[in-house]
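The block underneath contains the structure these notes are about, expressed in structure tokens.
The values are calculated or read from the model by the stated rules, or taken from the named source; none is laboratory data. Quick caveat, the model's predicted, so the values are computed rather than measured. Glycine also receives a Cβ, built like all others from the backbone with ideal geometry; neighbour counts cover every protein chain displayed. For accessibility, only protein heavy atoms count, side chains too; no ligands or nucleic acids. Shrake-Rupley method; radii C 1.70, N 1.55, O 1.52, S 1.80 Å.
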Amino acid sequence: MIGLVDPDPLHQMAWRSWFAAWGFPLAWIASTAADARRALHGHPVAFLLIRFDLPDESGARLLHSIRPALPDLRALLLVHTAHPAVEALAYRAGALGCLGWESSCDPLFPALSHALEGRPLWTLETVYRVEDWWRTWGAPWAALSPRQRQIAWAAAHGLSDKEIARWLRCSKETVRTHLSRALERLGRADRVDLARWLVRGGLRDPRCAALLDLEPMPDERTLLEAIEPDWIESPAIPSPPAG
């Protein structure tokens, strides 16, 4: 039996139709990682098809967290773009491969058939690429302390020291100290260099920045709440002249 984890109702309808046409047994559909965990607890399946960009965490992180309890579980990750960061996290989580979720159904059938038989879809070229990504981005990012990652990630999103201090409820001096150490450990010259490094590595996405077992990164709405309110508030309407 197969479980599908995809938050998009249109995709759910398409997958349900394809599975029925292909004769694949679909046990249940979940929209979030939390829903998938509840579904697995009540109705375990042998195979999962998981979209990477779930609303509450990455599909790779979900797979990584459930595999210790379900070591024989097989899975594929559905991705929009096969960025090396996404591939690396899927590979390290134990997925059999990545599928483009906007692909037509024609190439999906043989890929799913192979995966359902337990055969991985990874090529040697992809394995080399994901291992290179881990050495260049994953391992250095994981080596930072949780506070260094929080501050570096917020700084790369354009927040000032004052705004980061407000968000984390610490002093600006603490922010500067942690940021300086993070830049040094990552070999980055300044905030701009750090931001470029995170973008190239796919780590600006909070789902990727959390890797498989790090503390969750905040969403952009949370960061926006820390921005100086003065320049985003509506300007005051001047009072009409007296008389």
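Which residues, taken from the range 64-81, are hydrophobic (A, V, I, L, M, F, W, C), over 19 Å from Asp8 (Cα atoms) and either within 20 Å of the chain's Cα centre (by Cα) or open to solvent by less than 20 Å² (accessible area, probe 1.4 Å) (or both)? Passing the criteria: Ile66, Leu73. Here Trp167 fits the description: in a helix (DSSP H, G or I), among the aromatic types (Phe, Trp, Tyr) and more than 30 Å from Leu49 (Cα to Cα).
Note on the range 191-214: residues that are open to solvent by 70 Å² or more (accessible area, probe 1.4 Å) and either part of a loop (DSSP other than H, G, I, E, B) or among the small types (Gly, Ala, Ser) (or both) amount to 2. Checked against the criterion of being modelled with pLDDT of 95 or more, over 14 Å from Arg74 (Cα atoms), open to solvent by less than 60 Å² (accessible area, probe 1.4 Å) and of a type in the set (A, V, I, L, M, F, W, C), the range 12-19 contains not a single residue that satisfies it. The set of residues in the range 146-176 that are basic (Lys, Arg) and either farther than 27 Å from Leu212 by Cα or free of Cβ contacts under 8 Å to residues at least 60 places away in the same chain (or both) comprises Arg147, Lys162, Arg166, Arg169, Lys172, Arg176.
For Ala95, are the conditions met, namely being closer than 22 Å to Pro9 by Cβ, modelled with pLDDT of 95 or more and crowded, with 19+ Cβ neighbours inside 10 Å? Before the answer, list the steps.
Numbers: closer than 22 Å to Pro9 by Cβ: no; modelled with pLDDT of 95 or more: yes; crowded, with 19+ Cβ neighbours inside 10 Å: yes.
Here the answer is no, as Ala95 does not meet what is asked.
For the range 149-184, which positions are polar (S, T, N, Q) and surrounded by fewer than 21 Cβ atoms within 10 Å (Cβ to Cβ)? Spell out how you get there, then give the answer.
From the range 149-184, those polar (S, T, N, Q) are 150, 160, 171, 174, 177, 180; that's our starting set.
Matches in the range 149-184: Ser160, Ser171, Thr174, Thr177, Ser180.
For the range 215-223, indicate whether the set of residues that are open to solvent by 30 Å² or more (accessible area, probe 1.4 Å), under 22 Å from Ala82 (Cα atoms) and either within 22 Å of the chain's Cα centre (by Cα) or modelled with pLDDT of 90 or more (or both) is non-empty.
Within the range 215-223, one or more residues are open to solvent by 30 Å² or more (accessible area, probe 1.4 Å), under 22 Å from Ala82 (Cα atoms) and either within 22 Å of the chain's Cα centre (by Cα) or modelled with pLDDT of 90 or more (or both).
For the range 123-134, the count of residues that are part of a helix (DSSP H, G or I), touching a residue at least 24 places away in the same chain (Cβ under 8 Å), open to solvent by less than 40 Å² (accessible area, probe 1.4 Å) and under 30 Å from Ala21 (Cβ atoms) is nonzero.
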